[in-house]
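In what follows, a structure is listed as structure tokens, so that the remarks can point back to it.
Read the figures in this text as sums done on the coordinates, not as results from a lab. These numbers were taken from a predicted model, which means no experiment stands behind them. Here the Cβ positions follow ideal geometry from the backbone for every residue, glycine too, while neighbour counts run over all protein chains shown.
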Amino acid sequence: MYELYKFIIPYLKILHLSHEGLPDWRIEKSALTGLRFGHTVLFAGAKISSSYERNTFAKTYEINWNAKARYGVPFYWHSVKKQIDKVLRDTRPDIVHAHNIFSAKMISEFDIPFVYDDHEYWSKSSLILNEIEDQKIEGNRSPKSAENLLTRRFKQSSRRQINRHLAKLWTKWEKELISSAPTITVSESIADELRLVGKEMANKVYVVPNFPISSEIKNINIPKRYNKLSSVYAGNDGQNRIKFPQKNIDGFVEVFDIEDIGFLNIVGWGAKSRSTKIIYKGSLPRHSMFDEMSKHSIGLIPWKKHWSHVYSSPNKAYEYAHAGLFVMCTLSLKPVTKYLQDNCLKFEDYDQMALQLSYFKDNMEELYRKRLRIFEFARSNLLWDNHEKYILRAYDLSE
């Protein structure tokens, strides 16, 4: 199949456009797919981190995005548009791979073929905005004077009005984009709904899940046996409840202090360890992240149930699997449980999670067999490479 696509799709110059900067591993994996098939890849987006060292892109450009541009405010929107026009004149790409709704809407105003890569489901993600605002108001409570109460209510009412506008705007943009360009998204549950919205473009909605690429997992060794139970939570999202209400882990860390369920290793954010049972590993490069994960037995996604989980397909689930970790997650994470099949144990709440961990603590040999099975399953089924053909189909300008 891959060889066939080399002949169908001629050499292309592909500009990856984003309202965010680098590193962004999904953007980079898409670019690596292009490189693998002989295309030239470039990047234009927000500020690139000073720690970013990979040389994936032939050239990179910085675009000064801001919130007002993302909200469609004309002056700021046109300011970004001028910057992108300059990039397009300099690069003259054959196609633009637009990551997320803002860059896709922007590039749709130019006369150039583009692909809409929907990392998020924006018409649904916009509905979380009011939840974020409620968390901000709750987190910033001051003494309950009449003045403070009135101020809070005014700010909350104003913000809700803005959020309603954004939900309508982004839903409108999403429908326009899906109806006019090939669309790539992260899970079948999102794709099924986008196909209904896109109608005549329904056959050009493709799913490329957030799986690791083969080059980054090829050197991970077969799982080792361990005598003591040790679990992992990866990602710094859990420390920002206000920004990510759909990733709420309030009370999760404390369970390991209270219950006799082994050790918890938190990869991705640094903090002072509260006990010998809980270890914070800080931010790690991807190869070090896999090395660290492989030293443990279970990967956890303990987000409290949220309506948006039916669309959520977090990278960490599949990274756990490739590191040889048996995966346990909240039962509302439907895409995860679908992709992992019987290599995943679901739980209703933290009480049930603790019971399951307690069982494995006393049955480490059974757990080891599960780890071997998910490791082999991941090697065959949970690979970006298995789905990158859909990126190439989206790029096919002859269709």
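Measuring how big the chain is from its alpha-carbon positions, Rg and Dmax come out at 22.3, 71 Å. Comparing 236, 364, 343 along the charge dipole axis of the chain, the residue lying farthest to the positive side is 236, per the Cβ-charge model. Rounded to the nearest 20 debye, the dipole size of the range 215-382 about its Cα centre is 440 debye, using +1 on the Cβ of Lys and Arg and -1 on the Cβ of Asp and Glu.
The shape of the range 215-382 can be summarised by an equivalent ellipsoid whose semi-axes, obtained from the alpha carbon gyration tensor, come to 21, 18, 17 Å from longest to shortest.
Highest mean first, the peptides 290-302, 268-280, 202-214, 38-50 sorted by other C-beta atoms within 10 Å per residue fall in the order 290-302, 202-214, 38-50, 268-280.
Using a Gaussian network model of the chain in which every pair of alpha carbons under 10 angstrom is joined by a spring, one finds that among 375, 326, 57 the greatest mean-square fluctuation is at 57.
Over the range 215-382, what is the mean sequence separation of C-alpha contacts under 8 Å (at least six apart), divided by residue count, expressed as relative contact order in percent? Working shown, then result.
Values: 288 pairs, mean separation 41.5, N = 168.
Computed over the range 215-382, the figure is 25 percent.
Rounded to the nearest 20, the size of the Cβ-charge dipole of the chain about its Cα centre is 780 debye, with Lys and Arg at +1 and Asp and Glu at -1.
The calculated FRET efficiency for the pair residue 364 and residue 295, based on their C-beta separation and a Förster distance of 22 Å, comes to about 0.90.
Among 20, 120, 259, determine the one that fluctuates most according to a GNM of the chain built with springs between C-alpha atoms less than 10 Å apart. Among 20, 120, 259, the largest GNM mean-square fluctuation belongs to 259.
Which residue, 312, 177, 127, has the largest displacement toward the positive end of the dipole of the chain when charges sit on each Cβ (Lys, Arg +1; Asp, Glu -1)? Farthest towards the positive pole: 127. Among 52, 116, 11, which one shows the biggest mean-square fluctuation in a GNM of the chain, springs joining Cα atoms closer than 10 Å? Looking only at 52, 116, 11, the biggest GNM fluctuation is shown by 52.
Partner aspartates and glutamates whose Cα lies under 13 Å from the Cα of residue 389, excluding those fewer than 8 positions away in the same chain, are identified as 3. What value, in deg cm²/dmol to 500, does the helix sum -39500 (n - 2.57) over DSSP H runs of n ≥ 4 give at 222 nm once divided by the residues of the chain? Dividing the helical sum by the residues of the chain leaves -13500 deg cm²/dmol. Taking every alpha-carbon pair under 8 Å whose residues sit at least 6 apart, the chain reaches a relative contact order of 14 percent.
Computed extension length for residue 155-residue 305: 51.2 nm, one decimal, from 0.36 nm per residue of separation with the Cα-Cα distance subtracted.
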